[in-house]
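Take a look at the structure below.
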Amino acid sequence: MKKFFSLVIIWAAISSALYAQTLSIGPQLGFVKSVDADNTTLMPGLAVRLNLLGFGLEGAMYYKSEELQNGAIKTKSYPINLTAMIHLIPLFHGEVGIGWYNTQIDFSNPINSIKNETKNKAGYHLGIGAQLPAGNILITGDLRYVFLDLSSVASVKSDFYVVMIGAMIGF
């Protein structure tokens, strides 16, 4: 019986902390793998989250660099994302959002007649996540799939998935 009451108290504390109005800011680190990228890369960034009554909103800016086709194509991107979150149950949420991707595409093959270019495209993302309040620190974890079409290179798919982790300071 003591275990049951302990679990109820812990559940209530987590629920009230989660559904309270909070504003948090802090670093995030993403592990990114584009569909046709050569390797998984890191995507550091900074995010701001506002939680209010079971809903959340996140604004974030990141840096992403990838190589494709054995290094023949290199991309650098500065995604700016806006994500809406709905807390399905305490700690866990679903997310949907839009991002603006300023992407520089460099073609390193000197024989190739394709010129380097910069693209500004919108991308969309869906995901799930969790956030655990620990005092005034919010520990975050998210899994997102990003739909992004950089169609300048017909044979390269630029959609990607990202696993994000973060530690945000609450105000």
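Note on residue 169/residue 118: beta-carbon distance plugged into 1/(1 + (r/R0)^6) with R0 of 30 Å gives a FRET efficiency of 0.30.
Taking N as the number of residues in segment 23-73, what value does Rg over Cα atoms divided by 2.2 N^0.38 Å take?
On the way: Rg = 14.8 Å, N = 51, 2.2 N^0.38 = 9.8 Å.
For segment 23-73, the normalised Cα radius of gyration is 1.51.
Partner lysines whose Cα lies under 25 Å from the Cα of residue 64, excluding those fewer than 8 positions away in the same chain, are identified as 33, 74, 76, 115, 119, 121, 157.
For every other residue with a beta carbon closer than 12 angstrom to the beta carbon of residue 40, add +1 if it is Lys or Arg and -1 if Asp or Glu, then tell me the sum. Taking every other residue near residue 40 into account, the sum is -1.
Values in this text are rule-based calculations from the coordinates and carry no lab data. These figures come from a predicted structure and were not determined experimentally. Using ideal geometry, Cβ is built from the backbone for each residue, glycine included, and neighbour counts are taken over all protein chains shown.
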